[in-house]
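Here the structure comes first, spelled out in structure tokens, and everything after it is commentary.
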Amino acid sequence: MSWTFFHHREKETNVNTLRIGPPAWGCSPRQAHAHRYIYEARKSWHSRLQIRISSLSILETYAQMLQNMPYVVRMLKDMYSIPRCFILISAYLVVELLGALIPAFSLWALFASIYTARLSHTQVETAMETRTVDMSVLVDVAVVYLACTITMRLLKYARSRIIRPVDTSIRRVNTKRVFHSLACLDVPTHGRSRILDLINGKLGDSHLTLQCEIVEMSTNITMAVVRLLSQLLVLVTVLREQQDVIIVAILSFSQSILSNWDGTQTVTVRPLVRAAKTTNKDFSRMKALERLVLDHKCRKELVAGNLGECIAAQFCESSRRIGDDAVDFSEVERIHSCLNVVSILREMIHTLPQVLGIDPGVEEADQVNQILFALRVMQEPMTAPLYFVSLILMYQASFSSTPSSKSLFRRHSSLAGKISSIRAMFELADKVRNEIVDGTKPFPEDKQSLRSGISIEFRNVTFQYPDSEKCAFRNVSFKVEAGQLCVIMGVNGSGKSTILKLISRLYDPTDGTILINDQDIKTLKLADLRDAMSILFQDYSHFPVPIRENIGLGNPAFANDDEKIHEAARLGGAEEFIDDLPDGFDTWIDDHVQYCDNYYNNIGPFMSPDSECLDDLSLVHRVGNFRSNSYIPLSGGQMQRLAVSRTLMRSLPTETEPSTGMLLFDEPSASLDPTAEHTLFERLQKLRGSKTMIFSTHRFAKLTRHADLILYMDGSLQEQGTHDELMRKGGEYARIWNLQAMDFL
Ligand SMILES: Nc1ncnc2c1ncn2[C@@H]1O[C@H](COP(=O)(O)OP(=O)(O)OP(=O)(O)O)[C@@H](O)[C@H]1O
């Protein structure tokens, strides 16, 4: 099995192609037709951005952390209840502790090799006169350094291997908790800005679960302190005879900690695209379902189609089947980089000369230290080489591993952000309640009654969208009897689509009552109500899954029934063009980029990102030699046929039960050619039988003649009646009809 993973930096020529990745991203050449490309793009800030961090922000960060502590305790309790989690986290902490002590050990070992090779005055004199170097000391130093570097890498690798099973287990718990909650949110709740913020910061793009990130970040901060103290301890122990070196040590470390921070933080984010090929259907599906529950555009279909539970179950099943291979880009990259020989060598080539004193990093020595060095050389010339080496090592220690106040604050603020997110996650699972409250009455009591349709009545209904300043319509009343054909028409923005959204209870009326079969719609069980109707929205969305599933999800009960999917495609006029596609019903209809906003969320309170996105994937395709053979962009009309097919999937008759009692279509033929439109209306009439049908459409010539009720909307409901009645009245409907008829002639 071979696999490819690469990341590409825009506006840079270096493109790395790495052969890494778990089997989940496997790509067998024989299965070339089943490739699926997964992309991730990080937004960019093309210039360096300075963020001013006030002392109030610092205090706020700590206050925020303190406030959210109960959620951290809850998180730890949760983690403790996951089998093996406690042992693995303990192992992780041990590995981290070892990693934090290694720099101190390395420092001690380096000093030891230098001091054991302490030369007599005559030997030093000779060495200085002949300018020879004791090679054995250099070799000792290099060996110690190499051993420490390799050990650090191995520990880093061990760390990522240990954290991964913990992360996977937690991810499953999160999935149950968060994915399910998200999948079942209704439209107004999903659209609330707080939920959207939460969604943006959480599900999509982090390499680790929030819980693991919090453990990792807090361990990092603690270990930074351990590293600092252990190195100071070594310096004090080894250099206790050299008082002035200790003073320099303290100065250097504190200078490094305080590192002239002016209260600003500079952030540069380079655009980044990662891409991978995969043939693993479960992995592709998980990614697609994640996008589906996050995307507000798909929410209407998800809610009206009763798909929440079904999508959550599918996600859990895919996640279970993939098991530990369900990793993201960053994690693969991270694991790979630990044992990457090239990067180890690069690191050593960069720092070894400084350790060996070939490149002493003199530019980093400040004036105080230079003066101290000069004084020491004047007092005791023979100790100069040793003293010089001590200074270099100390500088190495202080500059390489002392966390600066800036980075400490950054780490704390990231940690505070993550802790807030964990709070939000718990709140999402526990407290976020759908705004549309479920009813308790089963609907209908007798399923067979659906065969003769459903009646709908609006009584003085007024509706205003959440966050909107004006009403979509006011005081609308009408009644559609069971089995009738109703056509809603009227001027743009008069509220036609909104009426259909209220019937499927995507929203509740601001005022007034809606009756379904003479019962208040709010008393009926939501799942039953939505099961009893098929609805096509004007602003429909497709799901980021293959065509087969896009249609199949129209009726989750038959989502795997190929025969029914083909029948729905035929009725919706989509079968022919789907069969012509190279991948047929397996064609994906999106080529999606996942944007990573996570980086911003860590520093959210201080900035508002105003950045460009990388939309053009052709470069990624070219560089990665990706041929997008399973993704084909469809035309507007083809998209609409697909949407109609998905809607009809729910209305297909079954042997035992009538499927739905009502069909709602909002401009179903807006993008269709005249022949396709004609055929669609013929098919819909046949399929309808004696069910209730409501159309919102401007293309009404044929339909309205046969309609039992026409609602003419103009700012609100202005006229209602049959075609003949409205024509007799001679109002706006009659005027438009005549205009259309003239056009037609
Ligand atoms: N999600 C929304 N949030 C806020 N306002 C909305 C939303 N959707 C629609 N509106 C507003 O509600 C009013 C009615 O919109 P609706 O889409 O029902 O009109 P329509 O009659 O179907 O229009 P068209 O003929 O253009 O399809 C419009 O003024 C519109 O701006």
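Each peptide in 489-499, 143-153 was scored by the mean count of other Cβ atoms within 10 Å over its residues; highest first, the order is 489-499, 143-153. For region 152-163, putting each phi into the Karplus relation 6.51 cos²θ - 1.76 cosθ + 1.60 with θ = phi - 60° gives couplings of 4, 5, 5, 5, 4, 5, 4, 4, 5, 6, 6, 6 Hz, in residue order, rounded to whole numbers and with x for Gly and Pro. Between residue 62 and residue 177, the simple spin-label model (points 7 angstrom out along Cα→Cβ) gives 2.8 nm.
Packing, taken as the mean count of other beta carbons within 10 Å per residue, orders the peptides 509-519, 549-559 from highest to lowest as 549-559, 509-519.
Protection proxy ranking of 154-167, 529-542, by the mean of other Cβ atoms within 10 Å over each peptide's residues and highest first, is 529-542, 154-167.
Label region 462-602 by shape, choosing from rounded, prolate and oblate, from the square roots a ≥ b ≥ c of the eigenvalues of the Cα gyration tensor; if a/c is under 1.5 it is rounded, and otherwise prolate applies when a/b is larger than b/c, oblate when it is not. Write down the numbers at each step before the final one.
Values: a/c = 2.11, a/b = 1.39, b/c = 1.51.
Judged from the Cα gyration tensor, region 462-602 comes out oblate (a/c at least 1.5, b/c at or above a/b).
Here, each number is a calculation from the coordinates, and none is a lab measurement. Everything numeric here is computed off the predicted structure, so don't read it as measured data. Reconstructed Cβ throughout: ideal geometry from the backbone, glycine too, with neighbour counts over all protein chains shown.
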